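The values are calculated or read from the model by the stated rules, or taken from the named source; none is laboratory data. Predicted, not measured: the structure shown is a model, and the values here were computed from it. All Cβ positions, glycine included, derive from the backbone under ideal geometry; neighbour counts span all protein chains shown.
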């Protein structure tokens with residue numbers, strides 16, 4: 001059965017039921033399915049977005065997140081102009097020079113042999129970043145608009161230099177059925193006034209220099225319950241134009257490698273830690289993710 005036929009078969013005729021189905025897909029991080037249903041309905045009924053029978057904020061968020069996720073998948077697979085710097089059997093790191101820019105671009109790929117739920121906890125518990133992310137002085141979750149969708153604040157205490165801060169949105173995209181992977185998408189929201197207004201976030205109370213994370217993505221592809229491939233790509237402006245790009249790339253590579261090693265060490269065993277406590281206190285998210293991974297592994 002073709003994908004469009006399957007969508008047509010599952011599509012409710014009642015607009016309120018349609019809105020519920022799209023909302024459910026969105027809430028379960030099934031972003032691709034939510035977007036495909038919206039597009040199919042609009043085509044079938046010849047409707048534009050202004051007349052679409054669901055909440056306009058939800059419609060806009062699904063469209064925006066789908067566009068971002070598609071872009072980030074492309075960035076993860078792009079190999080043009082990347083310079084390989086560190087290669088081992090299980091780990092590869094690359095960087096890219098961006099002409100006429102103070103941006104830093106890094107990419108890494110690794111086969112990780114750690115429990116997948118432990119890895120999820122280290123990434124999802126943003127308020128615990130200060131326990132493992134280098135130079136992170138303050139980290140807190142501001143809002144959780146939905147399952148796998150978070151808004152957080154971090155402040156970096158850098159040696160010699162003034163502190164850096166960032167307001168970041170991150171969300172997960174369940175692509176297990178489509179590409180056998182789970183995607184995490186992040187970026188700063190300092191210039192996204194519409195998103196700030198929707199979620200009542202104020203980023204104008206600047207405490208220090210605001211860095212710009214143009215995009216950051218993590219893609220997890222399961223091999224088994226204790227082994228997975230993790231790919232990551234980042235493009236950010238640390239607001240340090242006075243530091244030559246070659247020096248900045250060197251520093252970021254060192255920090256990236258340290259983060260990777262620290263991440264692997266912590267994810268091996270979280271028994272008795274704050275991450276284990278967080279998993280126990282947030283069963284809705286972790287049980288959902290665990291079941292999705294188990295469903296995927298049972299098929300392959």
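Considering only residues that are on the phi < 0 side of the Ramachandran plot and out of contact with any strand residue (DSSP E or B) (no Cβ under 9 Å at 6 or more places or on another chain), look in segment 128-176 and name the one that is modelled with the highest pLDDT. The qualifying residue modelled with the highest pLDDT is 132.
Only one of the numbered conditions (1) in contact with a helix residue (DSSP H, G or I) (Cβ under 8 Å, 6 or more places away or on another chain); (2) over 20 Å from residue 258 (Cβ atoms); (3) exposed (fewer than 15 other Cβ atoms within 10 Å of the Cβ) is violated by residue 120, and that is (3). Just for segment 178-202: of the residues that are more than 20 Å from the chain's Cα centre (by Cα) and part of a loop (DSSP other than H, G, I, E, B), which one is modelled with the lowest pLDDT? Per the criteria, the residue is 202. Which condition number in (1) within 18 Å of the chain's Cα centre (by Cα); (2) under 24 Å from residue 118 (Cβ atoms); (3) modelled with pLDDT under 90 is the one that residue 228 fails? Only one criterion in (1) within 18 Å of the chain's Cα centre (by Cα); (2) under 24 Å from residue 118 (Cβ atoms); (3) modelled with pLDDT under 90 is unmet by residue 228, namely (3).
Here residue 99 does not qualify as under 19 Å from residue 256 (Cα atoms) and loosely packed, with under 15 Cβ neighbours inside 10 Å.
Only one of the listed residues (129, 91) is under 25 Å from residue 275 (Cβ atoms), over 19 Å from the mean Cα position of the chain (by Cα) and buried (at least 16 other Cβ atoms within 10 Å of the Cβ). That residue is 91. Tell me, yes or no, whether segment 22-37 has at least one residue that is at pLDDT 85 or above, closer than 30 Å to residue 252 by Cβ and in contact with a strand residue (DSSP E or B) (Cβ under 7 Å, 6 or more places away or on another chain). Yes, segment 22-37 contains at least one residue that is at pLDDT 85 or above, closer than 30 Å to residue 252 by Cβ and in contact with a strand residue (DSSP E or B) (Cβ under 7 Å, 6 or more places away or on another chain).
Based on this model, can you work out whether residue 207 counts as surrounded by fewer than 17 Cβ atoms within 10 Å (Cβ to Cβ) and at pLDDT 95 or above? Criteria not met by residue 207. Of 65, 71, all but one fail to be touching a helix residue (DSSP H, G or I) at 6+ places or on another chain (Cβ under 6 Å), within 21 Å of residue 236 (Cα to Cα) and not assigned by TED's automatic domain parsing to the domain that holds residue 227; the exception is 65.
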